[in-house]
Amino acid sequence: MRSARFSRGFSDYQIKMAFIMPTMILLILMNIFPLLWSLYLSFHRYKASMPNRPAKFIGVQNYARLLTDPEIWGYFQTTAYFVVLAVITQFIIGFGLALLLNREFRYKGVVTTLILLPMMLSPVVVGLFWRFIFASDASGLVNYLLSSLLSESIGWTTDPKIAMLAVVIVDTWMWSPFMMLISLAGLSAIPKYLYEAADVDRASRWFKFRWITLPLVSPLLLIALLFRTMDAFKMFDIVYVLTREGGPGTVTETVSMNLYRLAFRNYNTGKACAMAYLLLIIIVALSNIYVKQLNKVRGEA
Amino acid sequence: MKKLTCYFVMLTLALLIIAIPSTDAQEKLTIAWAQWDPANYLDELSKDFTAETGIEVDLVQISWSHFQDQVFTAFVGKSDRYDIVIGDSQWLGRNSVGGHYIDLTDWINENIDVDSIYATAMEAFAEYPKGSGKYWALPAEVDANGFLYRTDLFEAENEKAAFKEKYGYELAPPKTYAELRDIAEFFTRPPDLYGVAPWYSKEYDGITMGFQQVMWSYGGSYGDPETYKVDGHINSDDVVKALEYYKSLKAFSPPDSPNYYWAETLDAYKAGKVAMAMDYFAFFPGVVSSDQNPNYYDKTGFFVSPAGPKGHAISIGGQGMSISAYSKNQEIAKQYLKWFMQKPVQEKWAQLGGFTPHEEVLQSEVFLNATPFNRAFAASFPYLRDFWAVPEYAELLAACQTGWNQVIIGSKSAKEALDEIARKHEAIFEDAGYYD
């Protein structure tokens, strides 16, 4: 019976399931289960480093303590400050570069590839070599170049007034190319005949930019902004390496940096899970705002 | 479809073959330690163990920045990846209470001559709770916080005369923190030369290891080890004065000193940026090496961390050897520990450059004369003290690191920061049930 069935082969449904199941199992094991497990742990007092001490249910105490801790709010403020500064700067630079590159010229491919290079590097590597570039004395490239203009070197990663700017500069250097790439994709998808029609009507450059380029490219710009905001909100690697775990003091201590400390230094697993959920809620809320705006822009377009 | 089934079976078989562990007959011991010179010395030393027993020793060196994370993640995952872990003294509480280290009390009492080991080292690296007589490790590398200085500057006649004229006493390696400050001030000639490179970094335990010895030497303490009460101890007037003193050294340190820990102070010294630098003795072999320090390898002296107005205490460094509770080779690991603590092995360990905890070997003329810095290291021993080793050490450490670093960069006054640290420490102890 079995061999007869085998010789008939599998049904379409069975083949579909055979292809889907590995992905489903992987998704459940790697995403869904950890998500639900961490939600469960966020309501418990539990330290992963103390497996012999069972998790104790404490209701919403982890959330309440996090939300009433002024230090945590400080880290959220630091993160928000970083996100706004970094994403706006990257948007301006990235879109500007895309406008410049959206034309035919010699070696365009090479120039575009070179601009994209920072994005392809590991953030830890980027953090490390910017650490040397930003060294506070003349051994740092930036201070060396500025030494003829300034009497004192700048403490890029040691001065509490400057350190956040240093992190923004590094993140901008790394991620403006991403903004440029998405913007360029949007710009190159705009049909040429729209500009030709505008030329026939003797439309100004500003008119063409305002009424053709911007409306047609804005859905993609919003997607780029969405990705960058979500990513910037999770800023960890560069801060960890460049400013030595969020220093000086707590000036560049982002929420993710603090989350890492809670989860993997202090092994305060329950509290860390609660914090991760707070971060998730904020990112989902921000994404929703973007998505709504995106739908609105698409409707207008 | 038959073909597809055939491929599927072949793939499964291939995966199974890969997954089946190799049945290598030779026994193997895996030791985890940080990536630094002493680990290379131990690697070399362990060849003798292999020659004697036929047991292969694989010493896994993990970079300092990932050492703690990697070991703790393995423990949390109950991995049998490491048989022996050579971990920081602060880890004792967490890993013993957490069940990651095996209890070695009975085994040590039966197999090891505890009296031959320096009592300070035994207490810091092996015993938890302190004074309980319960052992979880054996001291492997006993280190201390010390100082190195430029002999070409200290011995120059013009410098000596100018110093005496300004400060009224002879220029010599400082014995007190007041002298250290004077000398640091004297040699501060920006932008090329600064007086001293202390540890100010917020990374891991950087500023804490640098400052705590000043705090103790000024009469301060972290708290009462019996009651775990902190308020009135860590934020006492003595600690405020100590912290203000430690901050005052920043005026005589290079501009990037707020980021300095052991690697950075060493680099600053080798680059000729500072006259004196704080560092662990274990890193000093690189300073006297002409390859690693071509400019000053023969112009370097070493001194014991100075005393303060109310005492003399020095931050302990180094690590102890513990056996992982998840190891499948615990008996071999014990065999290794027993072998390592033998006097002839300790002598060879010291010869290779390791800092032995063996009292007799440590005080022997052979050890004291083996390197230009061993004498200063041995002289530091009576003053060694440690941070809290309770399971909550990481949270306590994080509060100190942030608070003290904020004082150095001027975000908070010493009193504000210390009150904040006291509040946080008491909250951590209360949360962990120490006041119940």
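The values are calculated or read from the model by the stated rules, or taken from the named source; none is laboratory data. Keep in mind that this is a model prediction, so the values were computed, not measured. Note that we place each Cβ from the backbone using ideal geometry, even for glycine, and neighbour counts take in every protein chain shown.
Checked against (1) within 14 Å of chain A (Cβ to nearest Cβ); (2) touching a residue at least 40 places away in the same chain (Cβ under 8 Å), B:Ala126 passes all but a single condition, namely (1).
Reported count of residues in the range A:147-173, each being within 13 Å of chain B (Cβ to nearest Cβ) and over 20 Å from B:Lys202 (Cα atoms), is 5. Taking the listed residues A:Thr229, A:Thr213, A:Thr158, A:Thr172, the one that is hydroxyl-bearing (Ser, Thr, Tyr) and over 21 Å from A:Val126 (Cβ atoms) is A:Thr213, with no other qualifying. One residue stands out among those in the range B:66-82 that are buried (at least 17 other Cβ atoms within 10 Å of the Cβ) and facing another protein chain (nearest Cβ under 9 Å): the one that is farthest from B:Tyr336 (Cα to Cα), which is B:Val76. The condition of being of a type in the set (Phe, Trp, Tyr) and within 30 Å of B:Gln70 (Cα to Cα) holds for only one of A:Phe43, A:Phe91, that being A:Phe43.
Could you list, in sequence order, the residues of the range A:248-292 that are among the charged types (D, E, K, R) and more than 11 Å from every other protein chain (Cβ to nearest Cβ)? Break it down into steps so the answer makes sense when it comes.
Looking only at the range A:248-292, we keep the residues that are among the charged types (D, E, K, R), and these are A:253, A:261, A:265, A:271, A:292.
Result: A:Lys292, single match.
Please indicate, with yes or no, whether at least one residue in the range B:329-341 is closer than 20 Å to B:Ala51 by Cβ and of a type in the set (Asp, Glu). Yes, the range B:329-341 contains at least one residue that is closer than 20 Å to B:Ala51 by Cβ and of a type in the set (Asp, Glu).
Listed residues A:Pro191, A:Pro177; which is more than 19 Å from the chain's Cα centre (by Cα) and either more than 30 Å from B:Ala271 (Cα to Cα) or among the aromatic types (Phe, Trp, Tyr) (or both)? Walk me through it before giving the result.
Details: A:Pro177 fails: more than 19 Å from the chain's Cα centre (by Cα).
Just a single option satisfies the conditions, and that option is A:Pro191.
Residues that are touching an Asp or Glu at 6+ places or on another chain (Cβ under 7 Å) and modelled with pLDDT under 95 do occur in the range A:250-264, at least one of them.
Reported count of residues in the range B:374-405, each being farther than 21 Å from B:Trp91 by Cα, surrounded by fewer than 23 Cβ atoms within 10 Å (Cβ to Cβ) and within 14 Å of chain A (Cβ to nearest Cβ), is 0. Per this entry, B:Ala197 is counted among residues that are within 14 Å of another protein chain (Cβ to nearest Cβ), modelled with pLDDT of 95 or more, under 30 Å from B:Leu352 (Cβ atoms) and touching a strand residue (DSSP E or B) at 6+ places or on another chain (Cβ under 7 Å). Is there a residue being touching a residue at least 40 places away in the same chain (Cβ under 8 Å), hydroxyl-bearing (Ser, Thr, Tyr) and over 27 Å from B:Ser201 (Cα atoms) anywhere in the range A:282-295? Yes, the range A:282-295 has at least one match. Quick one: is A:Arg210 at positive phi, out of contact with any Phe, Trp or Tyr (no Cβ under 6 Å at 6 or more places or on another chain) and among the basic types (Lys, Arg)? It is false that A:Arg210 is at positive phi, out of contact with any Phe, Trp or Tyr (no Cβ under 6 Å at 6 or more places or on another chain) and among the basic types (Lys, Arg). When B:Asp237, B:Asp231, B:Asp182, B:Asp143 are screened for being in contact with a Phe, Trp or Tyr (Cβ under 9 Å, 6 or more places away or on another chain) and over 19 Å from B:Ala275 (Cα atoms), only B:Asp143 passes. Of the residues making up the range B:269-288, those that are charged (D, E, K, R) and more than 14 Å from chain A (Cβ to nearest Cβ) number 1.
Starting from residues that are within 14 Å of B:Arg385 (Cβ to Cβ) and in a loop (DSSP other than H, G, I, E, B), keep the ones in the range B:206-232 and report whichever is modelled with the lowest pLDDT. Quick ask: steps written out before the conclusion?
Step one: filter the range B:206-232 for residues within 14 Å of B:Arg385 (Cβ to Cβ), giving B:208-223, B:225.
Filter once more, keeping what is in a loop (DSSP other than H, G, I, E, B): B:218-223, B:225.
On the way: B:Tyr218: 98, B:Gly219: 98, B:Gly220: 97, B:Ser221: 97, B:Tyr222: 98, B:Gly223: 97, B:Pro225: 92.
Top of the filtered list is B:Pro225.
Of the conditions (1) among the acidic types (Asp, Glu); (2) more than 23 Å from the chain's Cα centre (by Cα); (3) within 14 Å of chain A (Cβ to nearest Cβ), B:Glu203 clears all except one; give me its number. The failed condition is (2).
Counting just the residues of the range A:184-213 that are of a type in the set (A, V, I, L, M) and without any contact (Cβ under 8 Å) to a residue 24 or more places away in the chain, which one comes out farthest from A:Thr113 (Cα to Cα)?
As a first pass, look at the range A:184-213 and keep what is of a type in the set (A, V, I, L, M): A:184-185, A:187, A:189-190, A:194, A:197-198, A:200, A:203, A:212.
Checking which are without any contact (Cβ under 8 Å) to a residue 24 or more places away in the chain leaves us with A:194, A:197-198, A:200, A:203, A:212.
Working: A:Leu194: 28, A:Ala197: 32, A:Ala198: 32, A:Val200: 35, A:Ala203: 33, A:Ile212: 27 Å.
Looking at residues that are of a type in the set (A, V, I, L, M) and without any contact (Cβ under 8 Å) to a residue 24 or more places away in the chain, I get A:Val200.
Mind checking which residues of the range B:262-301 are part of a strand (DSSP E or B) and within 18 Å of the chain's Cα centre (by Cα)? Of everything in the range B:262-301, those that are part of a strand (DSSP E or B) and within 18 Å of the chain's Cα centre (by Cα) turn out to be B:Ala277, B:Met278, B:Asp279, B:Tyr280. Criterion applied to B:Ser315, B:Ser322 was being of a type outside the set (Phe, Trp, Tyr) and closer than 30 Å to B:Val240 by Cα, and the one residue passing it is B:Ser315. In this structure, B:Arg94 qualifies as within 14 Å of chain A (Cβ to nearest Cβ), of a type in the set (Lys, Arg) and surrounded by 15 or more Cβ atoms within 10 Å (Cβ to Cβ).
Check whether at least one residue in the range A:113-123 is more than 30 Å from A:Gly299 (Cα to Cα), surrounded by 21 or more Cβ atoms within 10 Å (Cβ to Cβ) and touching a residue at least 40 places away in the same chain (Cβ under 8 Å), and report yes or no.
In the first step, residues of the range A:113-123 are kept if they are more than 30 Å from A:Gly299 (Cα to Cα); the result is A:113-123.
Now narrow it down to the ones that are surrounded by 21 or more Cβ atoms within 10 Å (Cβ to Cβ): none.
No, the range A:113-123 has no match at all.
If the condition is being within 27 Å of B:Glu123 (Cα to Cα) and either part of a helix (DSSP H, G or I) or facing chain A (nearest Cβ under 10 Å) (or both), then the range B:406-436 contributes B:Ile421, B:Ala422, B:Lys424, B:His425, B:Glu426, B:Ala427, B:Ile428, B:Phe429, B:Glu430, B:Asp431, B:Ala432. A:Glu253 - would you say it is without any contact (Cβ under 8 Å) to a residue 24 or more places away in the chain, of a type in the set (Asp, Glu) and closer than 16 Å to A:Val168 by Cα? The answer is no for A:Glu253.
Which residues, counting only those in the range A:92-102, are within 24 Å of the chain's Cα centre (by Cα) and surrounded by fewer than 14 Cβ atoms within 10 Å (Cβ to Cβ)? Scanning the range A:92-102 gives a single hit, A:Ile92. Quick check: is even one residue across the range B:218-241 within 14 Å of chain A (Cβ to nearest Cβ) and surrounded by fewer than 24 Cβ atoms within 10 Å (Cβ to Cβ)? No, there is no match, as no residue in the range B:218-241 is within 14 Å of chain A (Cβ to nearest Cβ) and surrounded by fewer than 24 Cβ atoms within 10 Å (Cβ to Cβ). Kindly evaluate A:Ile133 against the criterion of being at negative phi, surrounded by 15 or more Cβ atoms within 10 Å (Cβ to Cβ) and without any contact (Cβ under 8 Å) to a residue 12 or more places away in the chain. Yes, satisfied. Scanning the range B:47-64 for residues that are within 17 Å of B:Ile86 (Cα to Cα) and among the hydroxyl-bearing types (Ser, Thr, Tyr) yields one hit, B:Ser63. Got a number for residues in the range A:103-134 being more than 30 Å from A:Pro191 (Cα to Cα) and more than 16 Å from the chain's Cα centre (by Cα)? The total comes to 8.
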